[in-house]
Amino acid sequence: MRTPKDQIPESRSRPYAVRHGACGWISGLPGTCLLVLLFVLLAAPALSQEDEAETVTWGGRPSQTDQLLATILQLAPTGIGMVENRVISSVNDYVLDLTGYDREELIGQSARMLYPTQEDFDFVGREKYRQIFEKGTGSVETRWLRKDGAILDVILSSTPLDPEDLSVGVTFTVLDITQRRQSEERFAKAFHSSPAPLVISDIETGLFLDVNERWNEMLGYAREELIGRTSKDVGIWADPADRDRIVAKIAEQGYFKDEPIQFRNKAGEARYAMWSAEVVLLDGRQVMLSLILDETERKLAEAALSVRTRIFLGVLTAFSAVLLVLVLQMTWNIRQREKMTQALQASEENLATTLHSIGDGVIATDSRGLVTNMNQVAEKLCGWTLDEARGKPLYEVFRIFNAWTQEVVDNPVHQVIHSGRIVGLANHTLLLSRNGAKYQIADSAAPIRDRQGRISGVVLVFRDVTDEYAVEERLRQSEQRFQTFMDETPVYAYIKDESLAHVYKNRRVAELMSGSFSQAGGDSARALFDSATSDLLEKADGRILSGERDRIELEYSVHIGGEQRWLNDVKFALVLADGRRAVGGLAYDITERKQAEAEREKMQAQLLQAQKMESVGTLAGGVAHDFNNLLQTLGGNIELLLADKPDDHPDVGRLRAALKSIERAAQLVRQLLLFSRKEGSLRVPVDLNREVEGVVDMLRRTVPRMITVETRLDPELWPLLADPVQIEQVLLNIANNSVDAMPDGGTFLIETNNVVLDEGFVRIHPDSVPGAHVLLTVTDTGCGMDKETLAHIFDPFFTTKPVGKGTGLGLPSVYGIVKGHDGYIQCYSEPDQGSVFRIYLPAADGRAPEEEIERKILFPEDLGDGMTILVVDDEPEIRALTREVLEVLGYKVKSAASGEEALEAYRQEGEEIDLVLLDLNMPGMGGHRCLQELLRIDPRVKVVIASGYSAEGQGRQSLSAGAKGFIGKPYQLRDLEAVIREVLGL
């Protein structure tokens, strides 16, 4: 006898199988039923003692009803659980399988752990509880984060145990819809990328629900002119009855194929097409998916052919009449000749028997080209009997012409007699029979020699190949149409065999390979791409050839016409005519899309940052001024209270402590005003070097001794028009952060330089302005910052310091002071690599000294004298700008977007490259490793390092490794010119 305990599953493997198999009927239950079931299970412990006594069997064991309910809960084909104050209190096995967590890892934890982002978590909380308050239950589509890091799309439904008191708990159900989402995305992608015209419409009304680009091109409409309108409203039907006929047919059988219709495009032109459609289910709704093939050109061609055929038949009839007259005229002559040849019939019977048993047509002539004999096959094809043809010139009986040009073909008898050799006719030769029929023939003629070796005649052997030629001609025309289509289509099309050599490529691929156009290019992808891309493509080709995959889509870059282009390559399986498996491919140029996406993301990020800083600054300024008024009131009243009390009064200490707090609050307000650029400042001529020296003296007395404070100041530094107090505050705030970032010691370096920002710099850094500037560079060798922290360093009240150690207003006030002085600030940092702040402040006179302008004029444009420089940088704007400047100076420029591309370029063209301008901070192998590999390939290579860090920071490692020069980012182009001159020895 089995106990209720024996009926409870021992593992979670069975519920998972049940959800996908035998118990699939449960998934059809309404969500509210499952929630009620869960409520009963979870609320059971709260039953009163009396109810509990009634539901427990003898011996204190759980009743069979409880066991059954618990089993159903665990076997349910959907996730079920309960949260209290968004803390997980109960889940079934489906939730554990779905998330990958054990029960002990979930119970008692915040539901936040199941969401990939805080934003997802907050959204579900808001939306779910909004729906619960409105209609008693909530349901929302969202994302869950599995324990292994995978992201799932789910539908989450919730119902409160007590609508009046949500703190009692909320039950929820969750269903995985990831595969459904992926299927919808694949359908949409296939639909819109299809080369055939496709449309989705409402069956009854003809309302356009979706159309692809090929459909728009065929009709001449824009997408927005069709979506939401019916086909009759748009007016595409030449005969509106066609629409009713199609609807009736699809209602009867659910689909139809190759239904002829006539429609009109936007220009009003009548077009013929073959319409195929099928009813599909989309979002729970039956719609019609249609494919339309334009047949207009074929229809017009058929009409033209019909006219030409009628004309030809008329001419042929007239010609036959004339031919009949000629035949009648020759009949008497033939009969006379028959009498003359009777004596020869006996000797020729044996030959005639042999000729008639041959399957090919045979005609024999004498040396003059007159017919002497022919077999039955020849009689049938030529339309002449032997008696009629004997003695006739061959060109009368055997009339042949070129099928393409319609020109008469030279008499083969004359060719054989003159050459004494076997002669064959061209493959496109037509034989015009006496009855007007035309036969495509294959022919050869050979000389007949007598005993002395002299040519006494010619034997002509031919056979009817009309059917074979028709098949070959249709195939040739089909291939020609296909080739023309593929050559004109804006894609790179190709077919590879098992050896990965091209057995077909269209003109775009041929041009890409810089070879002559050929339909059978016996070459591989190695002729097109670098080794890394070739390996990627060959791996994909191998997976298709092995049968592992039937379709693979890739995106990769390639150099076309001296520039980098991005391709979207769709590879698919094919079978060649000889049965071998092959790989077909269509590659689309998506460079403009990639560039637009990158530029859009960059500009959007810059715009959002500028708007955020402006909004926060405005808010900070408003709050600061209001807060100042409050502080003034508080401070004044406290001072009045202190004035009335003796020093020994017990409240004096408390009031003085309050005053100190108000002073600290006032300092915070001043920092807020500096950030918002609303704090007034005194603008006077300032020697930045002097301000730096004053701050450095203070720092050397106050910072820990394991931190070294260094300066590199330009003695010819231009003056500033600035507030010296605020400039000092900028230096102290940055120094304070740097000291905190070096708890174990390090180096703190301050540098000053004169710079002139040109249009190239401003184009890359939109917040800057051109002209003469003083550059203040502050570098530390501290712990550095990651990208996430770096993105928020100028946000007010953002700090990574412990509570009580920082206000989060130091760097925001620096940002406000720099902006208030019409300056520009940048920060470069990476974990464990320290930080570099670069601050550009306008020079007092707003322009460079005359000697700077004269220095620029001294450099001729042909300075490079044809030398080649390889520019390596992952930012396309920097590569393009640097190329432009170097080419003006007379250098030849090659570019690479990564260290890997740079190494490949140097291996292939290293002898032509005189200098490498190398960025350090790049994705992939990075600049420093690339430098090491370049030196390993060529120890004499001249490399100039470009980095956002100073030469004393990260740049020192590269200079020690063998780099010949260093220039800090962002650099002035004239500084780049000087460094290149120095390294090249110009």
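Every read-out reported here was derived from the displayed coordinates using simple, explicitly stated rules and does not represent laboratory data. Values in this document were obtained by computation on a predicted structure and should not be read as measured data. All Cβ positions, even for glycine, are placed from backbone atoms using ideal geometry, and neighbour counts span all protein chains on display.
Over region 868-984, the reciprocal of the mean inverse Cα-Cα separation, the Kirkwood hydrodynamic radius, stands at 13.8 Å.
Within region 680-842, antiparallel bridges make up roughly 80 percent of the DSSP beta bridges whose residues both belong there.
Close amide H contacts of Ser456 (hydrogens built in the peptide plane, cut-off under 5 Å, sequence separation of 5 or more or a different chain): Ile448, Arg449, Asp450. Using the Cβ-Cβ distance between Ala577 and Tyr556 with R0 set to 41 Å, the FRET efficiency works out to roughly 0.85. Note on Ile455 and Asp410: the extension gain reaches 14.3 nm, defined as 0.36 nm multiplied by sequence separation minus the Cα-Cα distance.
Scaled against the 2.2 N^0.38 Å expected of a compact globular protein of N residues, the Cα radius of gyration of region 353-471 reads 1.00. Relative to the Cα centre, the charge distribution of region 680-842, modelled as +1 at Lys and Arg Cβ and -1 at Asp and Glu Cβ, gives a dipole magnitude of about 360 debye.
Per-residue packing, averaged as other Cβ atoms within 10 Å, sorts the ranges 834-841, 135-142 into the order 834-841, 135-142, beginning with the highest.
Have a look at Gly890, Val979, Val871 and report the one farthest towards the positive end of the charge dipole of region 868-984, computed about the Cα centre with Cβ charges (Lys/Arg +1, Asp/Glu -1). Farthest towards the positive end: Val979. Kindly state, to the nearest 0.05, the FRET efficiency for Thr466 paired with Arg308, given R0 = 25 Å and r defined as their beta-carbon distance. My answer for the efficiency is 0.80.
Taking R0 as 45 Å, what's the FRET efficiency between Val322 and Arg474 from their Cβ-Cβ distance, rounded to 0.05? According to the calculation, E is roughly 0.85.
For region 715-721, backbone phi angles converted through the Karplus equation (6.51, -1.76, 1.60; θ = phi - 60°) give residue-by-residue couplings of x, 9, 5, 6, x, 10, 10 Hz, Gly and Pro being listed as x. Between the amide H of Asn375 and those of Val362, distances stay under 5 Å, these residues lying 5 or more places away or on another chain, with hydrogens modeled in the peptide plane.
Placing +1 on the Cβ of every Lys and Arg and -1 on the Cβ of every Asp and Glu, with nothing else charged, gives region 353-471 a dipole about its Cα centre of roughly 360 debye. When you count the other C-beta atoms within 10 angstrom of each residue and take the mean per peptide, 539-550, 405-416 line up highest first as 405-416, 539-550. Protection proxy ranking of 957-963, 86-92, by the mean of other Cβ atoms within 10 Å over each peptide's residues and highest first, is 86-92, 957-963. Magnitude of the charge dipole for region 66-180, about its Cα centre and with charges confined to Cβ atoms of Lys, Arg (+1) and Asp, Glu (-1), is about 240 debye. Rounded to the nearest whole Hz, the Karplus-based 3J(HN,Hα) values (6.51 cos²θ - 1.76 cosθ + 1.60, θ = phi - 60°) of region 927-938 follow the sequence x, 5, 5, 4, 4, 4, 5, 4, 5, 5, 5, 9, with x at glycine and proline.
Enclosing the Cα atoms of region 680-842 in their convex hull gives a volume equal to 118 cubic angstrom per residue.
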